[in-house]
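The next block holds one structure in the form of structure tokens; read it before the comments.
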Protein chains: 4
Amino acid sequence: MGLWFTEKQTENFGITAKVNRTYHTEQTDFQKLDMVETAEWGNMLLLDDMVMTTEKDEFVYHEMVAHVPLFTHPNPKHVLVVGGGDGGVIREVLKHKSVEKAVLVEIDGKVIEYSKKYLPSIAGELDNPRVEVRVADGFMHIAESEKAYDVIMVDSTEPVGPAVNLFTRGFYSGIAKALKDDGIFVAQTDNPWFKSDLIRQVYKDVAEIFPVTKLYTANIPTYPSGLWTFTLGSKIHDPLKVKEERFFELDTKYYTSSLHFASFVLPKFVEDLTKK
Amino acid sequence: MGLWFTEKQTENFGITAKVNRTYHTEQTDFQKLDMVETAEWGNMLLLDDMVMTTEKDEFVYHEMVAHVPLFTHPNPKHVLVVGGGDGGVIREVLKHKSVEKAVLVEIDGKVIEYSKKYLPSIAGELDNPRVEVRVADGFMHIAESEKAYDVIMVDSTEPVGPAVNLFTRGFYSGIAKALKDDGIFVAQTDNPWFKSDLIRQVYKDVAEIFPVTKLYTANIPTYPSGLWTFTLGSKIHDPLKVKEERFFELDTKYYTSSLHFASFVLPKFVEDLTKK
Amino acid sequence: MGLWFTEKQTENFGITAKVNRTYHTEQTDFQKLDMVETAEWGNMLLLDDMVMTTEKDEFVYHEMVAHVPLFTHPNPKHVLVVGGGDGGVIREVLKHKSVEKAVLVEIDGKVIEYSKKYLPSIAGELDNPRVEVRVADGFMHIAESEKAYDVIMVDSTEPVGPAVNLFTRGFYSGIAKALKDDGIFVAQTDNPWFKSDLIRQVYKDVAEIFPVTKLYTANIPTYPSGLWTFTLGSKIHDPLKVKEERFFELDTKYYTSSLHFASFVLPKFVEDLTKK
Amino acid sequence: MGLWFTEKQTENFGITAKVNRTYHTEQTDFQKLDMVETAEWGNMLLLDDMVMTTEKDEFVYHEMVAHVPLFTHPNPKHVLVVGGGDGGVIREVLKHKSVEKAVLVEIDGKVIEYSKKYLPSIAGELDNPRVEVRVADGFMHIAESEKAYDVIMVDSTEPVGPAVNLFTRGFYSGIAKALKDDGIFVAQTDNPWFKSDLIRQVYKDVAEIFPVTKLYTANIPTYPSGLWTFTLGSKIHDPLKVKEERFFELDTKYYTSSLHFASFVLPKFVEDLTKK
């Protein structure tokens, strides 16, 4: 057997992965941080014993958080990423030349530090001059921003620990305020197999604030159930009405312009979470 | 901790599930069969220590195997299910009133016996008069059939053990022969994260035989990576050209007519497996 | 991998055993009871997810609980076993022909029922006419007994759940009262690696009541650390002064008359637990 | 859950320990070496995914390998340790002032290097001037030595990998030759629960060469079954006939002069391995 990392994704189910070595382990001011080398997934970042990202499957999450709202917006210039200290979303955001400034607000500087060191293929663009990295509370940053961003992406951990405020109606109201008049936001909203109540609640909360609210999904094998949801709230632009000419060639491994639309077509039991 | 079932889906990665009890465990003539009660997934059928089906997530697989080809065909009357002794695909097939006869050819009678006993919500239609159950080798049955079926579904285990013949070019040729002139077949073809070579090979083999060859996916949380592929081969009918009026209301939890089309829109790295 | 039972013997350490099947699992009035078949240890009784006994190594515990005090007493006639519903201690007690009556007081009748069914080689003597089985609270039985027994054996679970009262000074006082004037008692007192405080406390408590107090050990591989302790309290008879002629041939696999004495020779760090 | 190390001590049984971090992991020329920090046992050395030693329980093994033969010999001056690169046996050997020279022959220099770095409380005496460390094949060293040592200790890994030669009759003959005329040797010989055949064979082989052959045991919680055996072969001196005045005060946590004798009193099923 040897060394294995096991994440209980629910009380009664989980995943288990062979670990070659730990690079770094630390109780930061906010959470337990482990950077490990796995045999299956390459280097892996764990926060509070939950898989955050891995070298092998990170592209799915980061592409799908970034490109869906960025292509939905006709001309995104100012982008905010809340959380996302591993830098993966930022890397994807920068693939859009229209983006002049991408601000990353990550509460835990250690996530940034060790992602740069051990996940260079993910964090490699954090020092790009178009990026501004702030180690600060995203909730507060949102509260202090007004009509500042075209697109806001919430790349948070589960709604426990430091991210608990990021799944509240108040936070979504703050985001609406922080967005420009045609702004768009997207948040990762966990999986429909074990967290259906959360998805339903977030969808309801967001839909009360944003005229256009949609759920889309992607397959992330190291996340619970393998099926991840993202909730998108938009003041004007509809992700399903993006014109073909809006898309341009991107170097991606998961996202395509066809998948942009298909990812909004939900399995029936997931679609049901968005009704009533 | 207590009792947990762990499936190593690869040498270095797996899932683990709390088990309340084992109902039955047996080395059949073909494989190790375990029927267990899990805390997360309800009753679960294991063959050779691999998850075959669970009460909680079975609907995805069974709906997606059955309804995609059945709606693609304009008027399916004779259907063959190879494998599938748990009865889940048959249950879905019978939702199509056009189907006059559904033949199930399962090599291991014990799978049928214990599915009836412990998975009644899945196996409940195996005694339906429109169903003919044969405990026999599917490979031989195919070899002996000619222009007999409108739709053939291959619901096999992994390409090890009794199912090894079911992933060969010869088998697909046999299927073509066993199908009527406008017949369609679909086979489960594992996941693109760990078995990309298999998918690529099967797709290539099928495409050499069937004019219309397509790959589609579904999310099955207890299967490796959570993203499952199905390869569809059709002599004439194109699953992407099904007319809206062909669909009728179905009692499903995953499949919808919109998802019918969206499930063929592949993530880029999966789409790449179907090229060249 | 398949099905494995894991007992966390401490928060950070445990054992893990392959399980072939569960025979019975039940929440009794007192505890969770599981009877399982393991590949390494044969049938195994679990209470609250802790290993109680296994077919393969049960002889160590049962022989060492029974024979050490029974040979220490010159002529044991009346014996009480508190707990011990699996019947293993009783089986060993009956090997002493001097014993006219062995009373078993087990609080959980289900332990007796399922041990008889699935551990017949252990529980096989529970219906012996020299045995009286009572399903009752051992603590109360002790409280109501006076100068009734020559030897009392406390074969309890860990000091949690139903057995919590059996590790108190009050209980040992009760035992002294329930014993005849030259009575002896022995209790299992866990292991010195993880439970040194418990051993120290019990030893101190017993030594305040019994003129002769001794600790002895045995190797039980499925119990935490593999080194188990037993605390013996005696009003008169000293286990280290048993005459050679007192011993007679016994059919045992662990206990010998030489080991009788050697088992009281403690590793230094264990001996230290018996000193003030 | 997080990170756990699991050693399958048999195909169907094992131990599992929480790991805080890996300090070093390397495929050396001889074996896979991992140095990890565990939550229960402190720092732990693993070779080929088997526990070699831990900070918390190392004292048992090292004291029992060293002091039993060293006190049996009336005046040990030249001592050889074969294997034992962690330095624990050497540390104990040096507690005997009569020892003028202790030679350590360890085949894998990496074991020494990383034990010095991460197990300083164990390896701390390896630089003592009375110690000579050789990175070499112990089997060859023995073959080249003649009447050179008073006491030889074989502190090897399991009889797989680099240690396979150390469990052969030829090796024991070599040891006899390498010992002086009243020399003594001891080897760790695994556990009687899972490796009874090995113990029986080694005992038989040694007894054909050494007039005095004895088996003794100690409790090592992180080794399979918790009960470890040591086989002692002696040309003249009998460990059971050591005079009381031979012993002197030692700073130990497990070994005592009483336990010296008691450790040779075997459980019946272990004693049986030494007969016929």
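So for the protein assembly as shown, considering every pair of alpha-carbon atoms, how many percent are separated by more than 46 Å?
Value for the protein assembly as shown: 46 percent of Cα pairs lie more than 46 Å apart.
For chain B, modelled as a Gaussian network with Cα springs under 10 Å, which listed residue fluctuates most, B:ASP57, B:ASP238, B:ASP197?
For chain B, modelled as a Gaussian network with Cα springs under 10 Å, the answer is B:ASP197.
Restricting the count to DSSP beta bridges whose residues both fall in the protein assembly as shown, what percent are antiparallel, rounded to a multiple of 5?
Working: 164 of 244 bridges.
About 65 percent, rounded to the nearest 5.
What average number of partner chain Cβ atoms lie no more than 10 Å from the Cβ of the residues making up D:17-23?
Going residue by residue through D:17-23 and averaging, the value is 6.
Mind running the shape call on the stretch D:4-52? Use the C-alpha gyration tensor, a ≥ b ≥ c as the square roots of the eigenvalues: rounded below 1.5 for a/c, prolate if a/b tops b/c, oblate otherwise.
oblate
If you rotate chain B onto chain D, whose Cβ in B ends up lying nearest the axis, and how many Å away is it?
B:MET1, 4
When Cβ neighbours within 10 Å are restricted to other protein chains, what is their mean count per residue of peptide C:256-265?
Across the residues of C:256-265, the mean count of other-chain Cβ atoms within 10 Å is 4.
Using the count of nearby Cβ atoms within 10 Å as a rough guide to exposure, how do C:THR25, B:THR189, B:THR22 rank from fewest to most? Mind showing how you got there, number by number?
Details: C:THR25 19, B:THR189 26, B:THR22 22.
Starting with the residue having the fewest Cβ neighbours, the order is C:THR25, B:THR22, B:THR189.
In whole angstrom, how far apart do the alpha carbon centroids of the stretch D:111-128 and the stretch A:90-155 sit?
45 Å
Within a 10 angstrom radius of the beta carbon, how do C:VAL160, C:VAL79 rank from fewest other beta carbons to most?
C:VAL160, C:VAL79
Just to confirm the numbers: D:LYS204, label point 7 angstrom along the Cα-Cβ line, distances to the other copies in nm, shortest first?
5.2, 5.6, 7.5
Given only helices, namely DSSP H runs of n ≥ 4 each adding -39500 (n - 2.57), what is the per-residue ellipticity at 222 nm of chain C, to the nearest 500 deg cm²/dmol?
It comes out at -7500 deg cm²/dmol, rounded to the nearest 500.
What size of dipole, in debye to the nearest 20, comes out for chain A about its Cα centre when the only charges are +1 on Lys and Arg C-beta atoms and -1 on Asp and Glu C-beta atoms? Show your work: numbers first, answer last.
On the way: 31 positive and 41 negative charges, 137 e Å.
Charge dipole of chain A: 660 debye, to the nearest 20.
In whole Å, what three semi-axes, largest first, describe the equivalent ellipsoid of the stretch B:1-136 built from its Cα gyration tensor (square root of 5 times each eigenvalue)?
Equivalent ellipsoid semi-axes, largest first: 28, 16, 13 Å.
Of the candidates D:GLU55, D:GLU244, D:GLU125, which one comes out as most mobile in a Gaussian network treatment of chain D with C-alpha springs shorter than 10 Å?
Of the options given, D:GLU244 has the highest mean-square fluctuation.
If each residue's Cβ is checked for other Cβ atoms within 10 Å, how do A:ARG21, A:ARG169, A:ARG91 rank with the fewest at the top?
Numbers: A:ARG21 18, A:ARG169 14, A:ARG91 24.
Sorted ascending by nearby Cβ count, the order is A:ARG169, A:ARG21, A:ARG91.
Over chain D, what is the percentage of antiparallel beta bridges among all DSSP beta bridges, to the nearest 5?
Rounded to the nearest five, the antiparallel share is 65 percent.
Need the list of aspartates and glutamates near A:LYS235 for cross-linking: C-alpha distance under 13 angstrom, and skip anything on the same chain fewer than eight residues off.
A:ASP150, A:ASP181, A:ASP182, A:GLU208
Can you list the distances in nanometres, one decimal and ascending, from the B:LYS97 label point to the identical position in each other copy, with the point 7 Å along Cα to Cβ?
Ordered by distance, the counterparts are at 5.8, 8.6, 10.3 nm.
If you project the alpha carbons of the stretch D:58-274 onto their three principal axes, what span does each projection cover, largest first, in Å?
The principal-axis extents, from largest down, are 42, 41, 36 Å.
Highest GNM mean-square fluctuation, chain D, Cα pairs closer than 10 Å: which of D:GLY161, D:GLY87, D:GLY174?
Highest fluctuation of the listed residues: D:GLY161.
Mind listing the label-point distances from A:ARG134 to the same position on all other copies, shortest first, one decimal in nm, points 7 Å along Cα→Cβ?
6.9, 7.0, 7.5
Output needed: percent of Cα pairs per 5 Å distance bin for the stretch A:89-169, bins running from 0 to the one holding the longest distance.
Reading the bins upward from 0: 3, 13, 24, 26, 20, 12, 3, 0.
Could you work out, residue by residue across A:247-255, how many beta carbons of other chains sit within 10 Å of that residue's beta carbon, and then give the average as an integer?
Mean shielding by partner chains, rounded to a whole number: 2.
Laboratory data are not the source of any read-out in this text; all were calculated from the coordinates shown. Every value quoted in this text rests on a predicted model; they were computed, and no experiment measured them. Note: ideal-geometry Cβ built from the backbone for every residue, glycine included; neighbour counts use all protein chains shown.
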